[in-house]
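What follows is a short report on a single structure.
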Amino acid sequence: AQKVTQAQTEISVVEKEDVTLDCVYETRDTTYYLFWYKQPPSGELVFLIRRNSFDEQNEISGRYSWNFQKSTSSFNFTITASQVVDSAVYFCALSERRGRRALTFGSGTRLQVQP
Amino acid sequence: NAGVTQTPKFRVLKTGQSMTLLCAQDMNHEYMYWYRQDPGMGLRLIHYSVGEGTTAKGEVPDGYNVSRLKKQNFLLGLESAAPSQTSVYFCASSPGQRIDEQYFGPGTRLTVT
């Protein structure tokens, strides 16, 4: 069975601080895909990134960066110089390669960025 | 393109009432999903479909039924609503040919009293 753990329930930072959201996953598959989604206060789910298990390169997109470490089964997300607009719940998710390809979500981390 | 739409956006039901949630997508996606989101638990898969005319159970299917008579629509039914079904329901779709992002609808907030 697959499992995604986001141990940080809530994080509060002051604007311009850097913050890292942790994600640890479990799967028996050798090929899998990892995702991060953002859920702002308005409630919709916004896709941020997809990473497959063969690609361990870190990725940077503006103020966002992701660190994928297969050896520790982690896929952490860092926001540099946080802004108030980053306040949201962030979900890490894992997808199966075959079959239904549904997402297994972590419980989410609520990030509050104070001005 | 409207993407994935869900109807209704909000609904209050009494225990024992029935209702159907409609999900529609205009991206010609093969795969469609229904998830529920409860506080502190992330999203959990209720039912899914890998193509028109097919449906299958996810992790938490009890109390729900689904149908996919047309490729673009995926319906979620509650035959006899219970307070435990108070939740936010998200529909999602994906192309299916490869592992792509899932495109989510805006959600339906359902309260069962």
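Key figures
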read-out	value
Cα pair count fraction exceeding 32 Å, expressed as % - the protein assembly as shown	19 percent
Hz values of 3J(HN,Hα) by residue in the range B:57-72 - Karplus curve (6.51, -1.76, 1.60), Gly and Pro given as x	7, x, 7, 10, x, 5, x, 10, 9, 9, 8, 9, 6, 10, 4, 7
All lysines inside 29 Å of residue B:70 as judged from Cα atoms, apart from same-chain residues fewer than 8 positions distant	B:9, B:57
Neighbour cut-off at most 14 other Cβ (10 Å), DSSP loop, chymotrypsin sites (Phe, Trp or Tyr not before Pro), the range A:40-113	A:54
Relative packing of peptides A:94-104, B:86-96, A:6-16 - highest average C-beta neighbours within 10 Å first	B:86-96, A:94-104, A:6-16
Distant-in-sequence amide H partners of residue A:8 (H built 1.01 Å from N, under 5 Å)	A:22
Cα-Cα pairs of the range B:1-73 separated by more than 17 Å (percent)	50 percent
Gyration tensor (alpha-carbon) shape descriptor, the range A:36-115, a/c threshold 1.5	oblate
Surrounding net charge for residue B:113, when Lys and Arg each add one and Asp and Glu each subtract one, Cβ distance under 13 Å	+2
Accessible area (Å², 1.4 Å probe, nearest 10) - residue B:52	110 Å²
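The values are calculated or read from the model by the stated rules, or taken from the named source; none is laboratory data. Keep in mind it's a predicted model, so treat the numbers as computed, not measured. Neighbour counts are summed over all protein chains in view; Cβ atoms, including those assigned to glycine, are modelled from backbone coordinates with ideal geometry. The accessibility values were calculated without ligands, DNA or RNA, using every heavy atom of the protein model including side chains. Shrake-Rupley method; radii C 1.70, N 1.55, O 1.52, S 1.80 Å.
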